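Take a look at the structure set out below.
The values are calculated or read from the model by the stated rules, or taken from the named source; none is laboratory data. Values in this document were obtained by computation on a predicted structure and should not be read as measured data. Don't worry about glycine lacking a Cβ; one is built from the backbone with ideal geometry, like all the others, and counts go over all protein chains shown. Accessible surface areas use protein heavy atoms only, side chains included; no ligands, DNA or RNA. Shrake-Rupley method; radii C 1.70, N 1.55, O 1.52, S 1.80 Å.
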Amino acid sequence: MVIDDLRVPGLLSTVMMINRRALLKGLAAAPVAIAAGAATGQQPAAAAATAARAPIGPQPVSADLSYLTASHFKLKYRTTTQAGTVAPYTQVINDIQTVGALPSATVDDVLNSANRTGSKILLSEMSGFAQGWTWDKNTTDGTGLWYPQGLTTSADYADGGLYNGRKVILVSWYDHLDETTGKGARISFVDMTNPDAPKYRHVLLVEPYLDPSTGGAGTPNFKAIHFHAGGIMWYGKLLYVVDTNKGIRVFDTTKILKVTANGDDTTIGRQSNGTYTAHNYAYVLPQSAAYDAQAPTGGERAVQWSFISLDRTTTPDSIVVGEYGLPEDPADHKRVFRWNIDATTRLLTATSNVATAVEAIQIDVNEMNGATSVNGKYYIARANGNSNGDLVTWVPGSLVNYNDLLAHPEDLAYDKNTGWLWNLTEAQQERYVFARNISQLQ
């Protein structure tokens, strides 16, 4: 049984050696030293003795791309529920809180109640490596029950890079064992005050609704959201989470609710005794709005909403959204899109609640799991099946470059205050969150 509120004892060791696959595509490499449990202050003795860096991987190549008509791709903003009796999300959230006498919680409350601790890693052979850590493997974080996907930081939240004076990372996970009817999706709120031992807590994402089966206007309730949560972006109080076939779900981080965590991970929503539970999670983050994907005009294929990131180097700020596509998938499932976003409202720039893309590019890059852009340059985390990934860099009109990357890379987020590009990996027992200095990348 998954019990979010029980803290399992700390890591068994403070230093470990892991034989990694090659850090460069198609090449074999010596073991890479990874330091864990930096509470001891130790540095891995083997780090300095790792093999010399292997020759550079694939040479720059031309990008097979075409510019699409951006105005064909639209999102419609929605603030009302769809499940049960239709009502404004904010109304249902307020009713849940009133009926259940649920305390409100802030992001600071969640961070201050962190019940897990990560461990420092050192990826000494990775170009531009700046900082990194791994999850607590003595909990379900190191198992196949949940898989991490999306990543965003307090540098997305605020231009200055901090949330109430703290560096914070948010990571999305989905229930890997049962993505259809399981526990849904969750967000890790990670306090990076001590980057060698970041503390974090998981919060379950839920969808509010009015349950019509109870009669009248319906009882305010919430349910798990069964989706991949492949990418996230935190902009002011709003957390954007892509939903593969639907668009973008929006969550107001000022609406976190504290619920009953009684040790039973099988129940969610309002119970017969009037309490609200959430698979034994202590906090839930209810959905507050959505951007519903509209059918593209011009005959294009519907967008596959695989990942999302914020670009603070454009004027105005903008978001980058893209698609994961296998080699055998149609070429038009390997696209990246851009929408402008309003720094005042924190919503996409829209006319009559319809937000229109300002850029749409079809690029022949397979298995994109994350992408962002910095000063016009794209950074793409590309998987290669079970082999090592590639960090592809590309300026439209120029050649594509490949940088080394670990296997199974996911979302990307850029911090312009440090010049660091954050990334994470999803493979069981090889789940790392790490930053690289973009000045040292091709």
Open item on the list: I'd like the Karplus ³J(HN,Hα) series for segment 350-362: coefficients 6.51, -1.76, 1.60, θ = phi - 60°, whole numbers in Hz, and an x wherever there's a Gly or Pro.
Closed with: 9, 10, 6, 6, 10, 9, 10, 4, 10, 8, 8, 10, 9
- [ ] Would you compute, from DSSP H runs of 4+ residues alone, the mean residue ellipticity of the chain at 222 nm, taking -39500 (n - 2.57) per run and dividing by the full residue count, rounded to the nearest 500?
- [x] -1500 deg cm²/dmol
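Under a point-charge model restricted to the Cβ atoms of Lys and Arg (+1) and Asp and Glu (-1), what is the dipole moment magnitude of the chain relative to its Cα centre, in debye to the nearest 20?
It works out to roughly 560 debye.
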Open item on the list: Report, to one decimal in Å, the Kirkwood hydrodynamic radius for the chain based on all distinct Cα pairs.
Closed with: 22.3 Å
Task: Accessible area, probe 1.4 Å, largest first, for residues K167, K255 - done: K167, K255
Open item on the list: For a Förster distance of 22 Å, can you work out the FRET efficiency between the beta-carbons of R346 and T313, rounded to the nearest 0.05?
Closed with: 0.80
Task: HN-Hα J in Hz across segment 123-129 - Karplus 6.51, -1.76, 1.60, θ = phi - 60°, x for Gly and Pro - done: 9, 5, 9, 8, 4, x, 4
- [ ] Give the span of segment 191-248's Cα atoms along each principal axis, as three whole-Å numbers ordered largest to smallest.
- [x] 53, 25, 21
Open item on the list: Heavy atoms only, 1.4 Å probe, whole protein assembly: order L412, L65 by accessible area, highest first.
Closed with: L65, L412
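If we count every other residue with Cβ under 12 angstrom of N340's Cβ, Lys/Arg +1 and Asp/Glu -1, where does the sum land?
On the way: positive: R338; negative: D311, D317, D342, E359.
Local net charge: -3.
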Open item on the list: Can you give me the orientation-averaged projected area of the convex hull built on the Cα atoms of segment 295-442, in nm²?
Closed with: 10.0 nm²
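With an 8 Å Cα cut-off and a minimum separation of 6 or more residues, compute the relative contact order for the chain in percent.
On the way: 1236 pairs, mean separation 85.0, N = 442.
Dividing the mean separation by the residue count of the chain yields 19 percent.
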Task: Per principal axis, descending, Cα span of segment 374-442 in whole Å - done: 36, 27, 17
Open item on the list: Going through the cross-link list K120/K199; K199/K246; K76/K258, which pairs have a Cα-Cα distance over 22 Å in this structure?
Closed with: K199/K246; K76/K258
TODO: Name the residue, out of P327, P208, P148, whose mean-square fluctuation peaks in a Gaussian network model built on the chain with Cα pairs under 10 Å.
DONE: P327
TODO: Within 10 Å, count the other beta carbons around each residue, average over each peptide in 314-321, 393-400, and list them highest first.
DONE: 314-321, 393-400
Task: Per-q log10 I(q)/I(0), segment 127-200, q = 0.19, 0.28 Å⁻¹ (Debye; single scatterer per alpha-carbon; no solvent) - done: -0.87, -1.29
Task: Centre separation in Å (Cα based) which lies between segment 311-363 and segment 193-254 - done: 21 Å
